[in-house]
1. Using the Kirkwood formula over every pair of different C-alpha atoms, what hydrodynamic radius in Å results for segment 116-205?
2. Sum up the charges of everything whose Cβ sits under 11 Å from the Cβ of Val378, counting Lys and Arg as +1 and Asp and Glu as -1, but leave Val378 out.
3. Put a dot 7 Å past each Cα toward the Cβ at Ser245 and Asp150; how far apart are the dots in nm?
4. Over what distance in Å are the Cα centres of segment 120-194 and segment 319-370 separated?
5. Evaluate 2.2 N^0.38 Å with N set to the residue count of segment 209-258, then give the Cα radius of gyration divided by it.
6. What residues qualify as long-range amide H neighbours of Gly192, i.e. H under 5 Å apart, gap of 5 or more or another chain, H built at 1.01 Å from N?
7. Evaluate the distance, in nm, between pseudo-label points positioned 7 Å from the Cα of Lys306 and of Asp387 along their respective Cα→Cβ axes.
8. In nm, to one decimal, how far is the modelled label at Asp220 from the one at Glu346, with both set 7 Å along Cα→Cβ?
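No value in this document is a laboratory result; all are computed from the given coordinates. Since the structure is predicted, the reported quantities are computational estimates derived from the model, not experimental observations. Here the Cβ is made from the backbone with ideal geometry for all residues, glycine too, and neighbour counts use every protein chain on show.
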Amino acid sequence: MTNFNDAILNGLEIFKLSDKNGNLAGPNPDPPLPITPRVIAPPQSRKFSNKSSTSLIAIIAGLVSGVLVLGSVLGFFLVFRRGRKNKDTSSNQGMNWGPFSFPATHRTYGPSYLCRYFALAEIKAATRNFDDSFIIGVGGFGNVYKGCIDYGATRVAIKRLKSESSQGAHEFKTEIELLSQFRHRHLVSLIGYCKDGNEMVLVYDYMSRGTLASHLYHTDNPPLSWDQRLQICIGAAIGLHYLHSGTKGTIIHRDVKSTNILLNEKWVAKISDFGLSKMSTINTSKTHISTIVKGSFGYLDPEYYKRQRLTEKSDVYSFGVVLCEVLCARPAVMHNVELRQINLAEWAKSCHRDGELDQIIDPSIRGEIEIQSLNKFVEIAMSCMNDSGIERPSMNDVVKGLELALKLHRNGVERSNEVAFNNDRAAEIRSVEPGCATNESIQCISETIFSEINDPNGR
């Protein structure tokens, strides 16, 4: 009987192998007796099973990891979109603005595209380490220095707040929050800030003409013309109108005065110093803000002072006092005068009631103001200083009234110039000698006056 062996190849096919003589043509042997299968699996099967289990675990782990990564990416995308959507309303929430709560090198307060962070070294370099010779203003908040940044390319005004004042820290926060959000032609622009330890510094555009007050009284500057004063008042009024109605909420300045109205090299007026400002969402159900009285004596709304109820009409009252300063060229409060003249607002209202307003007009402009323009200006100022806030005009109405006063003034000046021109011509004619007052002489005068028309060579 031929010996043969069976072999399993890939577990699929069974071949009959040749006998020991290499003969493949031998007869088919009888089938072998059935073999009882063993219970114990061969080592190869155990190895194959372990490998399959490991692969399955790896696949499951990979799927789970993929799901987690995908979920993380999706979650980040949703949070990013929500953050962008709520950026304007929540950018300032959750920040600790206490006197010493700023990290020394934090650079993210306020939108970076509107508000720049300055290192303290940059500020010291710009002011020569806060040299007193660079001081251009002094106030309760601290000193204001002139300086240059960006290698001398940009002139700036640098306000250094008093570090020991907790109120100073609050004003520092308020200015950054407000001015880093808004840009307007008639609001002073905040370039940036510095918070390093106890140092709190604000950097503004440089206003080369200084304050409005510095051109009205206690100054060597030449007096402003009536036309200039009206244009400055209109610019400041437009700035306040923007604060009251041009933003998402009503912003009440709370410290409107002539020293907080700055002038650039082109005499454009800009409202400054927002440290006491209040942001309000005043609506039909809430007509005021209940708050501690703050502001400058002589400009305070009496209704706000008595009832501690702040509205945008409190700014209107203060602006009315500024209008009186512009007309009279004197401070809101003076102590070296008669008792009735100490408070400018009360004195102006008294003179208006008694028909004596001409007594308080700045002598340097008394002769140049057109009467219609003056009457309109005084009407606006008195309505702004009405004791009842509800009776005061809005800043929009104030802007329109001042623009009308300017128009009346310019129209009056044009008429006056025409009258003066005609009077000069008439005087020239009358100056002809009596003996020459014949038809021929009159004809000669006419020919002289119109020589440029009759004779082109006269040009």
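1. Numbers: mean 1/r = 0.0757 Å⁻¹.
Evaluated over segment 116-205, this radius sits at 13.2 Å.
2. Numbers: positive: Lys349, Lys376; negative: Asp358, Glu379.
The answer is 0.
3. With each label placed 7 Å out from Cα toward Cβ, I get 3.5 nm.
4. Value for the Cα centre distance between the two parts: 33 Å.
5. Details: Rg = 13.4 Å, N = 50, 2.2 N^0.38 = 9.7 Å.
My calculation over the Cα atoms of segment 209-258 gives 1.38.
6. For Gly192, whose amide H was placed from the backbone, the distant partners under 5 Å are Arg116, Val203.
7. 0.6
8. For Asp220 paired with Glu346, the spin-label model returns 3.6 nm.
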